[in-house]
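First comes the structure, then the notes that go with it.
A short reminder: the numbers here are calculations on the coordinates, not readings from a lab. The model shown is predicted, which means the values in this text are computed figures rather than measured ones. Neighbour counts are summed over all protein chains in view; Cβ atoms, including those assigned to glycine, are modelled from backbone coordinates with ideal geometry.
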Amino acid sequence: MPGVLIINVQEDLISGAMLEDGELQEVFSEENETIAGNIYVGVVQKIVPGLNAAFVDIGESRNGFLRVSDVGKVYVQQVLAGKQLQEGSKILVQVKHDAVGQKGPQLTCKLSLVGRYVVYFPLSRVRGVSKKIADQRERERLKSLFSKVQKNEGIVIRTAAEGMPVETIEEELQSLRQEWQQLLLSFKKSRKVKPLRCEPTAIDYILRERLNKNVDEIYVNEEKVHERVKQEVKKISKSITVHFVEGDLFERFNIYQQLNLLQRRTIDLPSGGYLALDTTEAMTVIDVNSASFTSGKNQAELAFNTNVEAAREIARQLRLRNIGGIVVIDFIGMPVKEYYDRLFKKIREAFEKDPAHIELLGFTRLGLFELTRKRRTPSSEQLLFSPCPVCKGSGRVLSSAVVLKRLSNELRKTDLSQYDTVKVNLHQRFSGYAEKIRSMVATHREKIKLTFNNPDPNEFEITLSKKS
């Protein structure tokens, strides 16, 4: 499927989007505040032995959470010079995950510097090649770079390195080494909490992380950014076409409208089935439903085809909504194991283009499919939406019957004979219940004056008044 990268500049804010066959796959923006990947000089505020962790001041609104297991022996030797971690001590940390809800950012001392072709680990002995590079000869060629890595450092070779000259990758590795030495020197000189290295700007991030073999065309609407993109494309591929188009590209490519659909809990499938997606603090649960089943010999094949559609849409939704953590999927039941084996292969194919690390755990004994998706930044739901002040984020309000019952109880326990006017103000959704409300106090129905402009659908307001 042709991949299109959109880089949209509006009022000096840069936003990006990935499209495949006109469908939105991913969106990113400078407005999405994130500190994931940033490196800080921090100060240990408190060590909690029961949690085997420490809370670290990094100068943000909340202290970061550092597990002792994320410190590492090499870090203690090289950065702390063999000293123990203790309260009040200076520490060099990197943000693993942004703050979520009431939890502060997660920190690590196992630092990494990300380049286009490699991730450099100055204090870890890790070695690896991206699993998305499937060709065995290419993997062996890239593994030859491990001989260039020193004893107490490590690298992971990224997918973008596939087909690139070894010399180009070595050059980037050396550049990251030099950057690390500067960081370490700055840390040793620093006497207060401060950031030492921040993740790149939106345009740098987009070009580093999303400019790859999956992109066929790029559209840009700002001249300086257009020139920057063209220069970057020259280094990577001659097959990518870069277009300059004036105006709001998100409007031109119907991206705003597709973003509006993120508010929906249900997602329609081409076959007529749909997904129901619910996110809790612990996990995301997705239910696959067929709108209607036809009986007959092809029922199993129909279930399989609907499940395949669902797998592709689920992969897109997880990437688009940036959902991470545990995901449990309840696919439509199928009669024999062969169908589940075939579906597993389709699920693997559906997630191939997701840049996040995905672990497919397979089907449980109950027939539920489990996977995990790793992300460091907040989900689109957290960035785009805030909890409703009426439903408190539950997505539900009281039923009309419950609210009317409460209103009836309030009216009946009040001696209305003492008053000339009884004003009742309800939400607009009760405008069709006027006669029912008046019938609650039939003997005083002429005193009831109804209005329907209360902003809260769960509440009502009764005002009693006498003639002066």
Could you go through the stretch 402-411 in sequence order and give the Karplus-derived ³J(HN,Hα) for each residue, using 6.51 cos²θ - 1.76 cosθ + 1.60 with θ = phi - 60°, rounded to whole Hz, and x for Gly and Pro? 5, 5, 5, 5, 5, 5, 4, 4, 5, 5
Which of [x] 249; [y] 171; [z] 204 is the computed volume of the Cα convex hull per residue in Å³? It is [x]
Expected vector for the stretch 109-120, Karplus 3J(HN,Hα) from phi with 6.51, -1.76, 1.60 and θ = phi - 60°, integer Hz, x for Gly and Pro, equals 9, 8, 6, 9, 10, 9, x, 5, 9, 9, 10, 9
Relative packing of peptides 66-76, 135-145 - highest average C-beta neighbours within 10 Å first: 66-76, 135-145
Dipole moment magnitude, nearest 20 debye, the chain about Cα centre, only Lys, Arg, Asp, Glu C-beta charged: 1780
If you average the alpha carbon positions of the stretch 406-422 and of the stretch 436-451, how far apart do those two centres end up, in angstrom? 9
Check: the stretch 264-384 dipole with +1 on Lys, Arg Cβ and -1 on Asp, Glu Cβ, in debye: 300
Calculate the length of the line joining the C-alpha centroid of the stretch 215-261 to that of the stretch 131-166, in whole Å. 30
As an exercise, identify the GluC sites (Glu not before Pro) in the stretch 320-379 lying in DSSP coil whose Cβ has no more than 14 other Cβ atoms within 10 Å. Glu352
Any idea which of Ala311, Leu145, Phe55 is furthest toward the positive side of the dipole for the chain, if Lys and Arg beta-carbons carry +1 and Asp and Glu beta-carbons -1? Phe55
Taking amide H positions as placed 1.01 Å from N in the peptide plane, with prolines and chain starts having none, which residues 5 or more places from His243, or on another chain, fall under 5 Å of its amide H? Ile218, Tyr219, Val220
Taking the DSSP beta bridges in the chain as the whole, what percent of them are antiparallel, to the nearest 5? 75
Exceeding the 27 Å Cα-Cα cut-off - candidates Lys151/Lys345; Lys132/Lys234; Lys96/Lys353: Lys151/Lys345
Ignoring everything except DSSP H segments at least 4 long, calculate the 222 nm mean residue ellipticity for the chain; use -39,500 (n - 2.57) per segment, divide by total residues, nearest 500. -8500 deg cm²/dmol
Expressed as a whole number of Å, what is the distance separating the alpha-carbon centroids of the stretch 167-186 and the stretch 17-68? 23
Principal-axis tilt of helix 223-236 within the chain, Cα atoms, nearest 10 degrees: 50
